[in-house]
Amino acid sequence: MNADLIVIAKEPVPGRVKTRLTPGYTAAEAARLAEAALADTLATVARTPAGARVLALRGNPGPWLPPGVRVVPQRGGGLDERLAHAFDDAYAGRPLVLIGMDTPQVTTALLERAGRALEDGDAVFGPAADGGFWLLGLRRPDAALLRGAPMSSSRTGRVVLDRLCGAGLTVAMLPRLTDVDTAADAAEVAALAPHGRFARAVRAVNASRKGAGVHDGAVPGAGAA
């Protein structure tokens, strides 16, 4: 496809990534699951035909980075600014499709569908089950579509979609997907894509917890107050 692909992600460092997975998991376990989700996402991006592949990264690259993916540092304070900068920094005159690291169940077919939507349309939008969005594609970047939009809110997706439509853009819609934010999300997504690194990591972490006598939702060493 003619579109470029962007992944926006954080380096999977304990305590800095996927903090909403705690207390269902420890910070180290949450980072392990985040790394697996990022690796799955990047592997899918690497298999998808694209003009270029870019990782807008907060932190440092690790062994999970596949060949052929250009890394650019995230810029800006809030997520709205970092998303807007990611589009600007990756733009090379071709349409852009951006996803996060939170949907390791994403497929090459979905990414190719997004790219095809930008051959004739202005934008493509993938809503997330929590009210946000898991994919945003634009024929040309426009920071005004993102700056100032509320992030990490049940209103995020609706606000951004309203901005796209309000700007007079033709918007193609993709299926709703579940972002991995909570322990329940992790279980759901692992079941949807049982053969990926993320699902294997979820099974391994859960097995380790059970072997240590940790019940679901509990944190080792955390007792009654």
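Brief remarks on what is shown
- With respect to being in a loop (DSSP other than H, G, I, E, B), open to solvent by 50 Å² or more (accessible area, probe 1.4 Å) and within 30 Å of Gly121 (Cβ to Cβ), Asn60 falls outside the description.
- Pairs meeting the criteria (first residue in segment 170-183 and touching a residue at least 40 places away in the same chain (Cβ under 8 Å) and farther than 10 Å from Pro127 by Cα, second residue among the basic types (Lys, Arg) and buried (at least 20 other Cβ atoms within 10 Å of the Cβ), beta carbons under 9 Å, at least 6 apart or on different chains) are Val180/Lys18; Asp181/Lys18.
- Qualifying residue in segment 79-93 (condition: free of Cβ contacts under 8 Å to residues at least 60 places away in the same chain, in a helix (DSSP H, G or I) and among the acidic types (Asp, Glu)): yes
- Condition met for Val54 (assigned to a helix (DSSP H, G or I) and crowded, with 16+ Cβ neighbours inside 10 Å): no
- For Phe125, the requirement of being assigned to a helix (DSSP H, G or I) and within 20 Å of Leu169 (Cβ to Cβ) is not met.
- Considered as a group, the residues in segment 66-81 that are in contact with a strand residue (DSSP E or B) (Cβ under 7 Å, 6 or more places away or on another chain) and open to solvent by 30 Å² or more (accessible area, probe 1.4 Å) include one that is farthest from Arg140 (Cα to Cα), and that residue is Gly68.
- Leading residue by the ranking (farthest from Ala184 (Cα to Cα)) among those in segment 1-32 that are in a loop (DSSP other than H, G, I, E, B) and among the β-branched types (Val, Ile, Thr): Val13
- The condition of being in contact with a Pro (Cβ under 6 Å, 6 or more places away or on another chain) and open to solvent by 70 Å² or more (accessible area, probe 1.4 Å) holds for Arg176.
For every residue, the table says whether it meets (1) buried (at least 22 other Cβ atoms within 10 Å of the Cβ); (2) more than 19 Å from Leu79 (Cα to Cα).
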residue	(1), (2)
Gly115	yes, yes
Gly131	no, no
Leu136	yes, no
Arg147	no, no
Ala172	no, yes
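- Considering residues of segment 179-192 that are assigned to a helix (DSSP H, G or I) and out of contact with any Ser or Thr (no Cβ under 7 Å at 6 or more places or on another chain) only, the residue most open to solvent (accessible area, probe 1.4 Å): Leu192
- Condition check for Thr26: of a type in the set (Ser, Thr, Tyr), surrounded by fewer than 24 Cβ atoms within 10 Å (Cβ to Cβ), closer than 21 Å to Asp181 by Cβ and over 15 Å from the mean Cα position of the chain (by Cα): yes
- Screening Ser154 on (1) of a type outside the set (Val, Ile, Thr); (2) outside any helix (DSSP H, G or I); (3) under 13 Å from Asp80 (Cβ atoms) shows it passes everything except condition (3).
- When residues of segment 167-195 are limited to those that are over 13 Å from Leu33 (Cα atoms) and among the β-branched types (Val, Ile, Thr), the one nearest to the chain's Cα centre (by Cα): Thr178
The values are calculated or read from the model by the stated rules, or taken from the named source; none is laboratory data. On a predicted model such as this, the values are computed, not experimentally measured, just so you know. No Cβ is skipped: glycine too gets one built from the backbone with ideal geometry, and neighbour counts run over all protein chains shown. These accessible areas exclude ligands, DNA and RNA; they are computed on the full protein's heavy atoms, side chains included. Shrake-Rupley method; radii C 1.70, N 1.55, O 1.52, S 1.80 Å.
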